[in-house]
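The values are calculated or read from the model by the stated rules, or taken from the named source; none is laboratory data. In this text, all values refer to a predicted model and were calculated from it rather than measured experimentally. Cβ atoms come from the backbone with ideal geometry, glycine included; neighbour counts cover every protein chain shown.
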């Protein structure tokens, strides 16, 4: 499929290059973020009546997993408010690069803040952590406490505030958006699943980049900052680490950056740049979807209670089982499937490479599993949003006249069919990807990986639809 | 490298400068939304005059706050909100209807007291095993404080009854006594057996014993005499009173004592001490005064709460009238 460059449309390009639309969206999101934290800290502890829970874990999550990630990849990162404060401290400006100081002339926007900025001695992110293992760990940690995090507004508020403080702290110590790139537990899986999105930021002609000595897309210029994600756009082959921040679109003096519509899942079959940390992210996400489906939507009250009783002996058992499933059983069985499907069984290194490569077949499966899981609770619970919008703190307000609206599940008859469609579609997509990946090496077969995916799909169908 | 990137020292030309007015506008908008929104929330909250009362399961605190103050004739505005499960709110001895206190939803209540005193508010929903502990008080003061008339002591105090003393009988009735059968016997009981005093102060067993010795009942069987006792007890109550008592019982007592009075309510099982009102051996050896005392004062060490500050005298009478129906049902054959 031929790619279609959206930046060839003047209006689209103007909207993307102009900082205001992005800025407006970000400050609106930041205001929502602040209100969510305040609601969690000051509002009712009843999750279904508190904006922090309903807005973040139902509305935002629905937007993210059902629309933003599958359609726009890192679209959320484009408007995410979490790094704003840190970036402001780093850059000394909200809208764009400040005017370059010449000689003794002080910048027109000089301020105490900029003195602080100038005094920062930002370091590069440590080499050994230039991967997504920390993000994997962060997500696992959150997932272990998810029953509490997703239901208790105070805990949600503390976590949101912690994200903000971590992002600011990272921005004061390390270069660029270190939090987004290496720490954000959400950014990790958005990056993984952005590989399937039908949208990409790429250069039009790599030769132009090669000839461009200044590499302003990486170093920045008067029109924009050097890539906050530390990515050289000329070398982009996958969406994973492109934060879709649009800075390269602003800084490229050769109009060589394109935002393109492309075939879905195009990155999954790119053989270069596959990594074990990303492979494990695929297992973590897939396994979490399975566990969440069982804990939150399953009929087992004892499991729900156990997941909720953080710190108890039963919960420790749950945590252990959770970790064993995700870090042991799922990758272990997948390793066996890889072993069965490869011709180079004796070569450990080759086997490990095939294991990593094959794991990318789990990316569409995992995304579809999350979509199927989210369909259940999003349509069942989104009606909590209407009263919460009018009364975000549970203080008896009625801002929009919707405070008294009762909980009503939507599309409850359609959701199981949709879930089936999504899961079966995910299986087909994963199987197709597995076949393409297997075809990269002679003598390999995708059948064991497809069987693995089949059993995961059957398990999810059983958990979600029964 | 990092500093270069930040301040763009490596950039050779600086053709454009940031639009300063744009930057200031951006900062203004940021401040407006990010600082203004919490400020607006704070300002809106500050204007509220009502007292917010949080309701939590008693293990987590019960009503917070659990003491309120008000003045006679001055409306007391309350915002009631549950922080966990469904609760209820009612003020004892006022007759005001109970309201539900829903999780996360504010219920507005305005109370205006006509008389000074200490009022008890309490939860009216079975929120947990310690539901009955969920209470608070409202101290109502008046501009013209009157000295309250001395309250008459409860009946059990007047009678110097030890309401905690066991009152089990060594009897076993083959069939429950029936007021309906007693009425059918067509025997006119001596008036002393039909007096209010007897109903209040004597136990059914004591009355049965006295009747057993009376000449009017000499030809009757023991069971017939029990039916007469049932009829005598029933003559001291009305259907409306029993209905009222049943409503109060179902709302406040059935959680522990069970809807059938068998001491097997959902929370009573946790205490294992809830009285069984269907047990004739304990019931027939107790007087109305004993029940009156236990309801008012509570059962020491048994988990039975005191209701003296919540129920009115009429409500306690109605409740006891209903309790007796577990022993003396009207429709028993």
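Residue count for the range A:370-416 under the criterion of being touching a strand residue (DSSP E or B) at 6+ places or on another chain (Cβ under 7 Å) and surrounded by 20 or more Cβ atoms within 10 Å (Cβ to Cβ): the result is 1. Evaluate the following for residue A:227: is it outside any helix (DSSP H, G or I) and either at pLDDT below 95 or within 12 Å of chain B (Cβ to nearest Cβ) (or both)? It is true that residue A:227 is outside any helix (DSSP H, G or I) and either at pLDDT below 95 or within 12 Å of chain B (Cβ to nearest Cβ) (or both). A single entry from A:53, A:65 fulfils the requirement of being assigned to a helix (DSSP H, G or I), farther than 29 Å from residue A:255 by Cα and under 14 Å from the mean Cα position of the chain (by Cα): A:65. All of A:161, A:157 fail the test of being at pLDDT 95 or above, surrounded by fewer than 19 Cβ atoms within 10 Å (Cβ to Cβ), more than 30 Å from residue A:267 (Cβ to Cβ) and within 14 Å of another protein chain (Cβ to nearest Cβ), apart from A:161. Taking (1) more than 8 Å from every other protein chain (Cβ to nearest Cβ); (2) outside any loop (DSSP other than H, G, I, E, B); (3) modelled with pLDDT of 65 or more in turn, residue A:115 satisfies each apart from (3).
Evaluated against (1) touching a helix residue (DSSP H, G or I) at 6+ places or on another chain (Cβ under 6 Å); (2) more than 10 Å from chain B (Cβ to nearest Cβ); (3) within 23 Å of residue B:102 (Cα to Cα), residue A:65 falls short on exactly one condition, (3). Of the residues making up the range A:196-224, those that are surrounded by fewer than 24 Cβ atoms within 10 Å (Cβ to Cβ) and within 14 Å of chain B (Cβ to nearest Cβ) number 9.
Within the range B:39-59, is there a residue that is at pLDDT 90 or above, over 18 Å from the mean Cα position of the chain (by Cα) and on the phi < 0 side of the Ramachandran plot? Checked the range B:39-59: at least one residue is at pLDDT 90 or above, over 18 Å from the mean Cα position of the chain (by Cα) and on the phi < 0 side of the Ramachandran plot. The set of residues from the range A:183-195 being crowded, with 23+ Cβ neighbours inside 10 Å, part of a helix (DSSP H, G or I) and either modelled with pLDDT under 95 or in contact with a helix residue (DSSP H, G or I) (Cβ under 7 Å, 6 or more places away or on another chain) (or both) comprises A:183, A:187, A:188, A:189, A:190, A:192, A:193, A:194, A:195. So which of A:39, A:29 ends up being in the same structural domain as residue A:165 (by TED's automatic domain parsing), crowded, with 22+ Cβ neighbours inside 10 Å, at pLDDT 90 or above and part of a helix (DSSP H, G or I)? One residue alone meets the criteria, A:39. Could you check how many residues of the range A:18-46 are at the interface with chain B (Cβ under 8 Å from one of its Cβ atoms) and within 22 Å of residue A:382 (Cα to Cα)? Looking only at that region, the number is 9. When residue B:177 is tested against (1) under 25 Å from the mean Cα position of the chain (by Cα); (2) at pLDDT 85 or above; (3) in a loop (DSSP other than H, G, I, E, B), exactly one condition is not met: (1).
The single condition among (1) surrounded by 18 or more Cβ atoms within 10 Å (Cβ to Cβ); (2) within 14 Å of chain A (Cβ to nearest Cβ); (3) free of Cβ contacts under 8 Å to residues at least 40 places away in the same chain; (4) part of a strand (DSSP E or B) that residue B:53 does not meet is (3). For the condition crowded, with 16+ Cβ neighbours inside 10 Å and either in contact (Cβ under 8 Å) with a residue 40 or more places away in the chain or closer than 23 Å to residue A:394 by Cα (or both), residue B:86 does not qualify. The set of residues from the range B:96-125 being closer than 17 Å to residue B:250 by Cα and more than 14 Å from chain A (Cβ to nearest Cβ) comprises B:97, B:98, B:122, B:123, B:124, B:125. In the range A:118-153, what residues are within 14 Å of chain B (Cβ to nearest Cβ), more than 19 Å from residue A:172 (Cβ to Cβ) and not in a helix (DSSP H, G or I)? Residues satisfying the conditions are A:151, A:152. Count of the range A:259-276 residues, restricted to those that are part of a helix (DSSP H, G or I) and surrounded by fewer than 17 Cβ atoms within 10 Å (Cβ to Cβ), is 1. Which of the residues belonging to the range B:182-230 are farther than 17 Å from residue B:285 by Cα and in a helix (DSSP H, G or I)? If the condition is that a residue be farther than 17 Å from residue B:285 by Cα and in a helix (DSSP H, G or I), then B:182, B:183, B:184, B:191, B:192, B:194, B:196, B:213, B:215, B:216, B:217, B:224 are the ones that fit. Quick check, is residue B:241 within 30 Å of the chain's Cα centre (by Cα), under 20 Å from residue B:325 (Cβ atoms) and not in a helix (DSSP H, G or I)? No.
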